[in-house]
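These notes concern the structure reproduced below.
The values are calculated or read from the model by the stated rules, or taken from the named source; none is laboratory data. Keep in mind that what you see is a predicted model, and the values were worked out from it rather than measured. Note that each Cβ is placed from the backbone with ideal geometry, even for glycine, and that neighbours are counted across all protein chains shown.
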């Protein structure tokens, strides 16, 4: 299986940076393993890099030569102030669509991570996310609640301001809210998570994105090989979409009664542990 890996962000300097990815990819691998083994000869799965790599056309050419079939990129946010707040200056919202298209034209499925609940995120921004995702057009999205990972400036800021209330690291996987958001209520975060996933992973939008992915690919060279590659990518795309849709339904702990059960939630220095209950996605 071909694999291209480029270090991204500050994860190399932060020993806790892999907490969320380990939790997610363990579950992802368990579900996808039979399919990945079957298609590994046709598509090199495992490329992960930052958006600025895509400004190098030679880098994209090398991904194609390595038979890369899927790339994971940290989109992180569609809100420019939020990107600045977490020091993701290499990410430019205005460039997302162009860079995603560059990969899809070469037959590479685009999978990206998107966080909600960063300090500059507002309820108004949350309402705009489904439309913004439609505009930038990634093939699949891993939506998560932002995580103040220990050792990062975000964690230090949240803790110093008394907004961190859950110190159980097993909850630092993107499915739990572990701190008090600055510009939104807890209910706003979970409503946004639900609405964004309902929109993005509706069957109508899953099928529309699949058609755009297939229609965008060039059929230069060996037609049979290209058609086989398109079939393989389609299998991966639908499995990934179904997996993410199921994850959104079953794995998020919304704490809808947080403010009612913990009246000190909106006060600085709140340290009360929070009991969270699983919710089904209807």
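What to note about this one:
- Residues of segment 43-63 that turn out to be farther than 18 Å from residue 237 by Cβ and part of a helix (DSSP H, G or I), as a count: 11
- Taking segment 108-153 as the range and being on the phi > 0 side of the Ramachandran plot and crowded, with 16+ Cβ neighbours inside 10 Å as the test, the residues that pass are 117, 137.
- Taking the listed residues 105, 92, 156, the one that is out of contact with any helix residue (DSSP H, G or I) (no Cβ under 9 Å at 6 or more places or on another chain), at pLDDT below 95 and surrounded by fewer than 16 Cβ atoms within 10 Å (Cβ to Cβ) is 156, with no other qualifying.
- Of the listed requirements (1) closer than 17 Å to residue 125 by Cβ; (2) in contact with a strand residue (DSSP E or B) (Cβ under 8 Å, 6 or more places away or on another chain), residue 74 misses just one: (1).
- The condition (being assigned to a helix (DSSP H, G or I), modelled with pLDDT of 90 or more and either surrounded by fewer than 20 Cβ atoms within 10 Å (Cβ to Cβ) or touching a strand residue (DSSP E or B) at 6+ places or on another chain (Cβ under 7 Å) (or both)) is satisfied by just one residue among 228, 238: 238.
- Test for residue 274: is it on the phi < 0 side of the Ramachandran plot, at pLDDT below 65, assigned to a loop (DSSP other than H, G, I, E, B) and crowded, with 18+ Cβ neighbours inside 10 Å: yes
- Of all the residues in segment 84-103, those that are part of a helix (DSSP H, G or I) and in contact with a strand residue (DSSP E or B) (Cβ under 6 Å, 6 or more places away or on another chain) number 2.
- Of all residues in segment 64-83, those satisfying the criterion of being assigned to a strand (DSSP E or B) and within 17 Å of the chain's Cα centre (by Cα) are 70, 71, 72, 73, 74, 75, 76.
- Residue within segment 197-210 that is over 17 Å from residue 65 (Cβ atoms), modelled with pLDDT of 85 or more and not in a helix (DSSP H, G or I) present: yes
- Number of the condition not met by residue 16 [criteria: (1) modelled with pLDDT under 55; (2) under 18 Å from residue 148 (Cα atoms); (3) within 15 Å of the chain's Cα centre (by Cα); (4) surrounded by 15 or more Cβ atoms within 10 Å (Cβ to Cβ)]: (3)
- Residues that are part of a loop (DSSP other than H, G, I, E, B) and surrounded by fewer than 17 Cβ atoms within 10 Å (Cβ to Cβ), drawn from segment 159-172: 161, 162, 167, 168
- Checking each residue in segment 173-194 for being assigned to a helix (DSSP H, G or I) and either surrounded by fewer than 21 Cβ atoms within 10 Å (Cβ to Cβ) or on the phi > 0 side of the Ramachandran plot (or both) picks out 187, 188, 191, 194.
- Residue in segment 128-147 that is assigned to a loop (DSSP other than H, G, I, E, B) and more than 18 Å from the chain's Cα centre (by Cα) present: no
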